[in-house]
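Participant: First, the structure itself, so that you have it in front of you.
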Amino acid sequence: MCGIIGYVGKDEAVPILIKGLTRLEYRGYDSAGVAVLDGNVMRRLKTAGKIKRLSDCLKKTSINGTLGIAHTRWATHGIPNNINAHPHYDCTGAIALVHNGIIENCDELKAQLKKEGHKFLSETDTEVLPHLIEKYYKGNLEAAVRRALKNAHGSYAIAVIHTNEPDKLVGAKCGSPLIVGVGKGENFLASDCPAILDKTRKVIFVEDREVIALTKDSIEISDLNGKRVNRKPTAIEWDISQAEKGGFAHFMLKEIYEQPRVIHKILSARTNVRKGQVKVDGINLTPKQLLKFDNIIISACGTAYHAGLIGEYLIEKFARIPVEVDVSSEFRYRSPILDKRTLFIAVSQSGETADTLAALREAKKNGAKVVSICNVAGSTITRESDGVIYTYAGPEIGVASTKAYTAQVATFILLALYLGGIKGLLGRRQMKNLLNEFEMIPEHMDEILDEAEAIKNCAKKYSKLSCFMYIARGVNFPNALEGALKLKEISYIHAEGYGAGEMKHGPIALIEENMAVVAIAPQAPTYEKMLSNIREIRAREGKIIAIVSEGDSSIKKHVSTTLYVPKTQEVLSPLLTVLPLQLLAYHVAVARGRDVDQPRNLAKSVTVE
Ligand code: AGP
């Protein structure tokens, strides 16, 4: 969602701000803007549409200055247009502010401010903030920001500047991410590390209800009462090149191809295959503590939720612990039953998803131990968890999650094996066998990627259809949901995933010539049942794309297209069957001319409810 970057230093702000915004493009947005101070003169430019448009407009006007803020907006209140784009001004134009989040009491605040004579130009919730700051401003920007924020309810990360203080950049956060980039003779504010990584690797993670005052040579952190906070910077380990396309047409494609390396990395970090051992470093719970939990609740959104569903199958299979998986956006609204005997697992690539964070807080409030499976070190979810199992996927930029998903699935497989091991349900020999097969997964993934041309051809063949259905059984059922989500996200084709056994209970009525059914049917005990489902669809003249194990020659006569994945144990198969699904979605979207990395209406990290 919205991206923020702020700069104070000795160089011209605009090129730094635009470059930073471009590196935040992946977050999803529909308009962009910038405000820069040149001495006491404020200049602002904002446009609906892509950053390219803003930067083309900037070429025609000279906006100079070494202090500035910039923003990409993902519309919540008011349509994406020039007026609603950020930065927003107060009545005098002395204050410029950008915001990520939602001010929930904006109507009430706006009504009060209007009574006091403030004039509003936009439909946004954000615009109340510069006006509130104007109201409280008495010569010190951070003091006014503190007073304003004490009146605002909801979530925010903000960056703000004032013409009276032309060397100061102020930021604050509550619920939405904000970091400080620590430079030499320059400092930065940003929503996420990629925006500033080419300038500095030293980052301070801002905590909720903290206010930051930056000059080019100083950083002051305080709470909303003005009490000073000391925090040391963290060194970011990954490189900016990891967040670049590296010769691939899209980030999504690059990230699909990175999956064998990601799985290899996870296995190297967490297993000793020879000894049949699995480590879950970071979980912060001893085996004795883990054995005391009565149940596990997994909560996540979107793709991470699908990984959680696979986690449920595997933990119940190997560790015999009851598991429940909840969509985070529903979790806290359904009076969940949990207490200190519950282990709550939050799954999130970004670690910033507002709903997952809220579910985690609800679980903590009820006394549960909270462990997160997360990809981004230092993110809010990791900071609020009692333990963190990192997924080691590296930065994921494409809005459609791919490598983060397989990393989450691989992590769940290992967690399930670990829990099964400490419960004494999995012997060393069985563990070794599974890990030996697991070790082959990166190679198998490479084999699928080497045959990607077949998937591309299949995508071309079916790209004009208006509807796709994905079916599977057992541990591959969540992949049916994931395949459908991938396709709808980036190609905008209607797609749904079902447990194949559900077909007769309704969805089979949809079979017709404009629909394709993707049947995920690798070698598994449910294979025969899948075959029956496939036959039933065929009998109704449905077009079927089957994803099956190598060597399966019997399926061909029942389906329109067959895609093969190498043979492996059923519990590991989702790591393979998902690759054709990702590539199918990718190539269909490309064939339809879609913006694969930044699909319409979507944001990479969903930081509002
Ligand atoms: C994945 O392709 C989606 N863009 C989306 O469903 C995503 O998985 C979801 O928003 C959760 O994000 P998180 O993993 O960062 O919490």
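The values are calculated or read from the model by the stated rules, or taken from the named source; none is laboratory data. Just so it is clear, the model here is predicted, and its values are computed rather than measured. We place every Cβ from the backbone using ideal geometry, glycine too, and count neighbours over all the protein chains shown. The area values use the complete protein model at the heavy-atom level, side chains included, leaving out ligands, DNA and RNA. Shrake-Rupley method; radii C 1.70, N 1.55, O 1.52, S 1.80 Å.
Participant: Taking only the alpha-carbon atoms of segment 550-594, what semi-axes of the equivalent ellipsoid follow from 5 times the gyration tensor eigenvalues under a square root, in whole Å, largest first?
Facilitator: The three semi-axes for segment 550-594 are 23, 16, 6 Å.
Participant: Tell me the label-point distance for the pair K364, R274, using the 7 Å Cα-to-Cβ offset, in nm and rounded to one decimal.
Facilitator: Result for the modelled spin labels: 4.1 nm.
Participant: Here is a follow-up. Would you calculate the separation in nanometres between label points at V41 and S62, each defined as 7 Å from the Cα along the Cα-to-beta-carbon direction?
Facilitator: It is 1.0 nm.
Participant: Right, here's the next one. Once the piece of chain linking D223 and A235 is laid out straight, how much longer is it, given 0.36 nm per residue of separation minus the C-alpha distance between them?
Facilitator: 2.0 nm
Participant: Quick check on segment 191-317: what does the Kirkwood estimate of hydrodynamic radius come out to from the alpha carbon pairs, in Å?
Facilitator: The Cα-based Kirkwood calculation yields 19.5 Å.
Participant: Moving to a separate point now. To the nearest 20 Debye, how big is the dipole of segment 1-115 about its Cα centre, given +1 on the beta carbon of each Lys and Arg and -1 on that of each Asp and Glu?
Facilitator: With only Lys, Arg, Asp and Glu charged at Cβ, the dipole is about 320 debye.
Participant: Also, quick follow-up: Can you tell me how segment 317-361 classifies by the Cα gyration tensor, rounded, prolate or oblate, using a/c under 1.5 as the rounded cut?
Facilitator: oblate
Participant: Taking a probe of 1.4 angstrom, what is the accessible area of L338 in Å², to the nearest 10?
Facilitator: 20 Å²
Participant: Accessible area per residue for segment 87-233 in Å², computed with a 1.4 Å probe and the full protein assembly in place, what is it?
Facilitator: 39 Å²
Participant: Report the label-to-label distance for R383 and E536 in nanometres (one decimal), using points 7 Å from each Cα along the Cα→Cβ vector.
Facilitator: Spacing of the two 7 Å Cα→Cβ label points: 5.1 nm.
Participant: State, to one decimal in nm², a quarter of the convex hull surface area for the C-alpha atoms of segment 287-366, i.e. the direction-averaged projected area.
Facilitator: 5.1 nm²
Participant: If you don't mind, there's one more thing I want to ask. For segment 261-305, take the alpha-carbon Rg, divide it by the Kirkwood Rh, and send me Rg/Rh.
Facilitator: My calculation of the ratio gives 1.06.
Participant: Let me ask you something else. Which value, in Å³ per residue, describes the convex hull spanned by the Cα atoms of segment 387-536?
Facilitator: 159 Å³
Participant: To the nearest Å, what is the center-to-center distance of segment 41-115 and segment 394-449, using C-alpha atoms only?
Facilitator: Here the answer is 45 Å between Cα centres.
Participant: How much of Y564 can a 1.4 Å solvent probe reach, expressed as accessible area in Å² and rounded to 10?
Facilitator: 90 Å²
Participant: Here is a further query. Hey, any idea what % of the chain's accessible area is carbon plus sulfur with a 1.4 Å probe?
Facilitator: About 49 percent, which is the carbon plus sulfur part of the accessible surface.
Participant: Eigenvalues of the Cα gyration tensor times 5, then square-rooted: what semi-axes does that give for segment 119-164, in whole angstrom, largest first?
Facilitator: Computed over segment 119-164, the values are 17, 13, 10 Å.
Participant: Mind checking the per residue accessible area of segment 550-609 for me, 1.4 Å probe, whole number of Å²?
Facilitator: For segment 550-609, the per-residue accessible area is 36 Å².
Participant: Now for a different question. Let me have the 222 nm mean residue ellipticity of the chain computed from DSSP H runs of 4+ only, each contributing -39500 (n - 2.57), with the sum over all residues rounded to the nearest 500.
Facilitator: Using -39500 (n - 2.57) per qualifying helix, the result is -11000 deg cm²/dmol.
Participant: Hey, got the Cα dimensions of segment 41-112 along the principal axes, in Å, largest first?
Facilitator: Cα spread of segment 41-112 along its principal axes, largest to smallest: 39, 26, 16 Å.
Participant: On to the next question. To the nearest whole percent, what portion of all C-alpha pairs in the chain is separated by more than 47 angstrom?
Facilitator: Of all Cα-Cα pairs in the chain, 18 percent lie more than 47 Å apart.
Participant: Here's another thing I want to ask about it. Roughly how far apart, in whole Å, are the Cα centres of segment 226-304 and segment 519-564?
Facilitator: The two parts, judged by their Cα centres, are 34 Å apart.
Participant: Let me ask you something else. Using each residue's phi in segment 101-107, evaluate 6.51 cos²θ - 1.76 cosθ + 1.60 at θ = phi - 60° and report the 3J(HN,Hα) Karplus result to the nearest Hz, with x for Gly and Pro.
Facilitator: Coupling constants for segment 101-107: x, 9, 8, 6, 9, 5, 5 Hz.
Participant: Quick check: convex hull of the Cα atoms in segment 356-428, volume per residue, rounded to a whole Å³?
Facilitator: Hull volume over Cα atoms, normalised by residue count, gives 110 Å³.
Participant: Let me ask something else. May I have the convex hull volume per residue, in Å³, for the Cα set of segment 25-145?
Facilitator: Residue-normalised Cα hull volume stands at 111 Å³.
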